[in-house]
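This report concerns only the one structure given below.
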Amino acid sequence: MNIRLTILGSSSAVPTATRNTSAQFLQFLHFSLLIDCGESSIHRMIRLGLPYDKIEYIFISHLHTDHILGLPGLLSSYALKNRVKPLTIFSPQGLKELMEPLIGPTESLPYSLNWVTIDPEKSMVILDQELFTVETIPLLHRVPTSGYLFREKRRPPNIKKEAISKYQLSIAQIKAAKKGLPVQDANGQVIDNQDLVIESPAPRSYAYCSDTMYSETVAERVKGVDLLYHEATYLDELRDLAQARGHATSLQAAQIAQQAKVGKLLLGHFSTRYKDAKILEQEAQTVFPNTVAVGDGDCFGI
Ligand SMILES: [Zn+2]
Ligand SMILES: [Zn+2]
């Protein structure tokens, strides 16, 4: 099953001709998820052919306009298209109160809309599905802000095909072996479980951290993830400005990736002063080589 991330917006507070404000479409196993919703996110999804009507969960990091301005349009479009599929939106406190004057009372919508307020100061599991979980990551910004960590659950081991014929395993024995329970051969001897099963592939994970200052706590929370998106609004020469505005530099993002030993680092949320994000990518690569400065429409699989 696929995990595929599509960047819908990679600019910071102001959009440019080629970069929208923050939003990401995440195909996580058989779920369609949206992370942040900068202005025109729906238009970007339509142009990229993404199934935006299948989105069941939306994760909002904080209430700055470059992360939420696309929401009223998206939620109203769902209403106009007579959506019936329920929708859940996770966010720090106050989103519903901001949105209802624009989209009307939640109860008047044709679909069930569930507003879930998260506590951005705590790291906790906010969604526990059969195949994956979503945890919050407390971030350091000017307003309450949370990142999100999407983690696949470990699947049961697979039975070895050759073991089925070798030991003439019944369905019940196969089920028992996958659970690690003892299984006997024809002579009543217990078969070593390692002869019967192979471990399933390692569970995959993705962490979204925007907007945030440099924080070692973030590095601890995202330890070992396969893919990390970390904001990099500025080059490190503007470290003081980044700090004052509650943002991080590309070098700091790379330091987080290095400390956390992640698989790959994606940079985004670029200041409009940078016409080409390569310069931010190159700075980060001096510390963490497997870094990519993302562009709108870019896709990354895990
Ligand atoms: Zn922002
Ligand atoms: Zn912000």
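The values are calculated or read from the model by the stated rules, or taken from the named source; none is laboratory data. Predicted model only: the values in this text are computed from it and were never measured. All Cβ positions, glycine included, derive from the backbone under ideal geometry; neighbour counts span all protein chains shown. Ligands, DNA and RNA are excluded from the accessible area calculation, which covers all protein heavy atoms including side chains. Shrake-Rupley method; radii C 1.70, N 1.55, O 1.52, S 1.80 Å.
Things to note:
- Failed criterion for residue 204 (all others in (1) more than 26 Å from residue 14 (Cβ to Cβ); (2) out of contact with any Lys or Arg (no Cβ under 9 Å at 6 or more places or on another chain); (3) open to solvent by less than 60 Å² (accessible area, probe 1.4 Å); (4) among the charged types (D, E, K, R) hold): (2)
- Entirely in the range 67-170, the helices (runs of 4 or more DSSP H) that have 2 or more residues that are farther than 23 Å from residue 23 by Cα: 161-167
- Of all residues in the range 61-73, those satisfying the criterion of being among the hydrophobic types (A, V, I, L, M, F, W, C) and surrounded by fewer than 22 Cβ atoms within 10 Å (Cβ to Cβ) are 63, 69.
- Single residue of the range 139-197 satisfying the filter (in contact with a strand residue (DSSP E or B) (Cβ under 7 Å, 6 or more places away or on another chain) and open to solvent by 50 Å² or more (accessible area, probe 1.4 Å)) that is nearest to residue 125 (Cα to Cα): 151
- Residue list for the range 244-253, filter: within 17 Å of residue 64 (Cβ to Cβ) and either in contact with a helix residue (DSSP H, G or I) (Cβ under 7 Å, 6 or more places away or on another chain) or open to solvent by 10 Å² or more (accessible area, probe 1.4 Å) (or both): 244, 245, 247, 248
- Residue in the range 266-273 that is of a type in the set (S, T, N, Q), modelled with pLDDT of 95 or more and surrounded by 24 or more Cβ atoms within 10 Å (Cβ to Cβ) present: no
- Test: residue in the range 183-200 that is β-branched (Val, Ile, Thr) and in contact with an Asp or Glu (Cβ under 6 Å, 6 or more places away or on another chain): yes
- Some residue of the range 3-26 being open to solvent by less than 10 Å² (accessible area, probe 1.4 Å), away from ligand 2 (no atom under 16 Å from the Cβ) and not hydrophobic (A, V, I, L, M, F, W, C): yes
- Qualifying residue in the range 216-223 (condition: within 16 Å of ligand 2 (Cβ to nearest atom), out of contact with any Asp or Glu (no Cβ under 8 Å at 6 or more places or on another chain) and open to solvent by 50 Å² or more (accessible area, probe 1.4 Å)): no
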